[in-house]
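Since the structure comes first, as structure tokens, the remarks are kept for the end.
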Amino acid sequence: MLSVGLTGGIGAGKSEVSRLLVECGAVLVDADRIAREVVEPGTPGLEAVVAAFGEEVLAEDGSLDRPRLGSLVFADPEKLAVLNAIVHPLVGARSRELEAAAGQDAVVVHDVPLLTENGLAPLYDVVVVVDADPATQLDRLVRLRGMSEQDARARMAAQATREQRREIADIVIDNDVPLEELRRRVKDVWAELTRRAHTSARPPERPQE
């Protein structure tokens, strides 16, 4: 099994690359998706969040009111630490379950937006960084996501720099290209990842007697 950490700045195209890797055969572990799953109604995660922050963080249908919770925690580092102490272990446990269920030759891609910022590179066999020129990122955020230029620049500035991400990368996918060229590049990366997975899964050769 090969454990891959996939990251990239906002607007760089990480989600598209993860989708293409899944098309190739990767097992995807999406940290953001799991973080939502572990606090769905009826889960111990949601019970713990309500116990910590009160029923005011619930929507009328009993689900987590994310905007309300966000307004409580993101302006208060102590409350944010409490929330992280609840959610992060649950995300980690679920991620390990998904990885353990993959086959011995599997390439497991962990989609981790803040991999660089949180110093998580050592957790993975290979780190793949999706990179794009800041002007490309800005254009995508404004044109495709409908952000204002000011908001887009603020979101970009709050993340690790382009240089910091590239510094931790084992493989860089440059994504200032049309989709078909990106698809070709991802297939090349997939070939390299599967080669590494098979190499790591192969038992060591016995010494000649």
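Overview of results
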item: Positions within segment 25-45 being touching a helix residue (DSSP H, G or I) at 6+ places or on another chain (Cβ under 9 Å) and without any contact (Cβ under 8 Å) to a residue 60 or more places away in the chain, in sequence order; result: ALA35, ARG36, GLU37, VAL38, VAL39, GLU40, THR43, PRO44, GLY45
item: Residue satisfying all of: in segment 166-209; in a helix (DSSP H, G or I) and polar (S, T, N, Q); modelled with the highest pLDDT among these; result: THR194
item: Filter pass, ARG66 being exposed (fewer than 14 other Cβ atoms within 10 Å of the Cβ) and over 13 Å from the mean Cα position of the chain (by Cα); result: yes
item: Filter result for the condition that a residue is part of a helix (DSSP H, G or I) and either of a type outside the set (D, E, K, R) or farther than 20 Å from VAL172 by Cα (or both), over ARG33, ARG19; result: ARG33
item: Inter-residue pairs, beta-carbon under 8 Å, first more than 14 Å from VAL127 (Cα to Cα) and charged (D, E, K, R) and in segment 1-24, second outside any helix (DSSP H, G or I) and open to solvent by less than 10 Å² (accessible area, probe 1.4 Å), 6+ apart; result: GLU16/ASN175
item: PHE74 being surrounded by 18 or more Cβ atoms within 10 Å (Cβ to Cβ) and either out of contact with any helix residue (DSSP H, G or I) (no Cβ under 9 Å at 6 or more places or on another chain) or more than 30 Å from PRO178 (Cα to Cα) (or both); result: no
item: Top-ranked residue in segment 102-127 [being farther than 16 Å from ALA197 by Cβ and open to solvent by 50 Å² or more (accessible area, probe 1.4 Å); ranked as nearest to the chain's Cα centre (by Cα)]; result: LEU114
item: Residues satisfying the stated conditions in segment 19-36, i.e. touching a Leu at 6+ places or on another chain (Cβ under 9 Å) and open to solvent by 70 Å² or more (accessible area, probe 1.4 Å); result: ARG19, ARG36
item: Where a residue in segment 95-124 is farther than 18 Å from ASP32 by Cβ and modelled with pLDDT under 90 and its partner, wherever it lies, is open to solvent by 30 Å² or more (accessible area, probe 1.4 Å) and part of a loop (DSSP other than H, G, I, E, B), with Cβ under 7 Å and at least six apart; result: ALA102/MET1; GLN104/MET1
item: In segment 142-164, residue farthest from the chain's Cα centre (by Cα) [restricted to those that are closer than 25 Å to ALA121 by Cα and without any contact (Cβ under 8 Å) to a residue 12 or more places away in the chain]; result: ALA154
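The values are calculated or read from the model by the stated rules, or taken from the named source; none is laboratory data. All values reported here derive from a predicted model rather than from experimental measurement. Backbone-built Cβ (ideal geometry, glycine too); neighbour counts: all protein chains shown. Please note that ligands, DNA and RNA were not included when accessible areas were found on the heavy atoms of the full protein model with its side chains. Shrake-Rupley method; radii C 1.70, N 1.55, O 1.52, S 1.80 Å.
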